[in-house]
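Q: Sharing a structure with you now.
The values are calculated or read from the model by the stated rules, or taken from the named source; none is laboratory data. All values reported here derive from a predicted model rather than from experimental measurement. As a convention, Cβ positions derive from the backbone with ideal geometry for all residues, glycine included, and neighbour counts pool all protein chains shown.
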Amino acid sequence: MKNGSVIPVIDILSYKPGADFIITTTECAQIPSFITKPYRHSGYSINLLLAGEIEYYADFKKYFVAAPALMFLSPDQVYQTVSINQYKKVHISFNKDFLINDARSVISCWEYMFSQEFIPVKDEATLDELKTYVRLMQKEFQSTKPQKNLVLRNLLNAFIICAARLTSCKTKIVQMDSSQNKTVQQFKALTDEHYLHRTQVSQYADMLYVTPGHLNDLIKTVTGKTAKQIIDEKRVIEAKRLLFWGKHSVKEIAGHLNFEDDAYFNRFFKKHTGQTPALFQRNNLEKYN
């Protein structure tokens, strides 16, 4: 399998060279052609759907969303628009490093937020609050004032905390110890980059100059999952994406994910999903096609 990915990656920020954050408002009656085929984002995206409806795939599930709602897309997640109906949305994109560690540490439910494909905004007061942060971000984004990015980071952070109040993680908005947060963020960045080829906790512990036991304990305290669970989940989700969207054999995908052979990959996948790769692929193709 060439390039490490069979699914195109779109860098939204490339439309504004040098930017690591953008915010735009889009109104559309028909689907733009470039989003009708599966693609990945290189960074994080949040959409505030203000009007209309949209039907789309996020990874291997189909969703129907009606305004008002928040839609989240994480790096490397596969996205495809199926249909839209007179929508108006605010689109926010930022790269993995845009939110400084101190800002991200405020939200211990950060990963939970971006694991949600969408969140309905049923409360009018919360919608007004989100719109206020949007207007402030748009104004700052268009300005040339000093410390512009710092202001945008803080406004985005406030926007995400406001969104978190709509979810079950609203009681978990707490400040983490800065050194713990740094280690967790470094671990997640390293697993994002190396999970295909480095699959053991000890390998990441060595890179972070801590013991495997300490790393596991810290990751579990902050995320509720062990370091090994996070590594394995990344491999499982990538396997699912390639099985659903790609046209490659189980053997090719096993090789791409650095399994010794397809039999080992089959056992690993079934252990984590309850079904074989071939069965997962067949069931989903029958369900959504």
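Q: How many of the residues in segment 189-199 are more than 17 Å from Glu260 (Cα to Cα) and touching a residue at least 60 places away in the same chain (Cβ under 8 Å)?
A: Qualifying residue count for the region: 2.
Q: List pairs: first residue in segment 239-262 and modelled with pLDDT under 90, second residue in a loop (DSSP other than H, G, I, E, B) and of a type in the set (Val, Ile, Thr) anywhere in the structure, Cβ distance under 6 angstrom, at least six positions apart or on different chains.
A: Pairs that qualify, where the first residue is modelled with pLDDT under 90 and the partner is in a loop (DSSP other than H, G, I, E, B) and of a type in the set (Val, Ile, Thr), are Trp245/Ile7; Gly246/Val6.
Q: Filter segment 42-76 down to the residues that are touching a residue at least 60 places away in the same chain (Cβ under 8 Å), among the hydrophobic types (A, V, I, L, M, F, W, C) and not in a strand (DSSP E or B) and list them by number.
A: Within segment 42-76, Phe60 is the sole residue that qualifies.
Q: Further question on the same structure: What are the residues in segment 136-156 that are without any contact (Cβ under 8 Å) to a residue 40 or more places away in the chain, more than 17 Å from Thr24 (Cβ to Cβ) and in contact with a helix residue (DSSP H, G or I) (Cβ under 9 Å, 6 or more places away or on another chain), if any?
A: Residues satisfying the conditions are Lys145, Val151.
Q: Do you know which of the residues in segment 211-245 that are among the small types (Gly, Ala, Ser) and surrounded by 18 or more Cβ atoms within 10 Å (Cβ to Cβ) is nearest to Gln185 (Cα to Cα)? Please lay out each step first, then the result.
A: First, pick out the residues of segment 211-245 that are among the small types (Gly, Ala, Ser): 213, 224, 227, 239.
Retained after the next criterion (residues that are surrounded by 18 or more Cβ atoms within 10 Å (Cβ to Cβ)): 227, 239.
Numbers: Ala227: 12, Ala239: 24 Å.
Within segment 211-245, the match that is nearest to Gln185 (Cα to Cα) is Ala227.
Q: If you don't mind, another one. Would you mind listing the helices (runs of 4 or more DSSP H) fully within segment 78-174 where at least 2 residues are modelled with pLDDT of 75 or more?
A: Details: elements: 101-104, 110-113, 124-141, 148-164.
Result: 124-141, 148-164.
Q: Ok, one more. Select, from Leu50, Leu70, the only residue that is modelled with pLDDT of 85 or more, buried (at least 19 other Cβ atoms within 10 Å of the Cβ) and in contact with a Lys or Arg (Cβ under 6 Å, 6 or more places away or on another chain).
A: Just one listed residue meets the conditions, Leu50.
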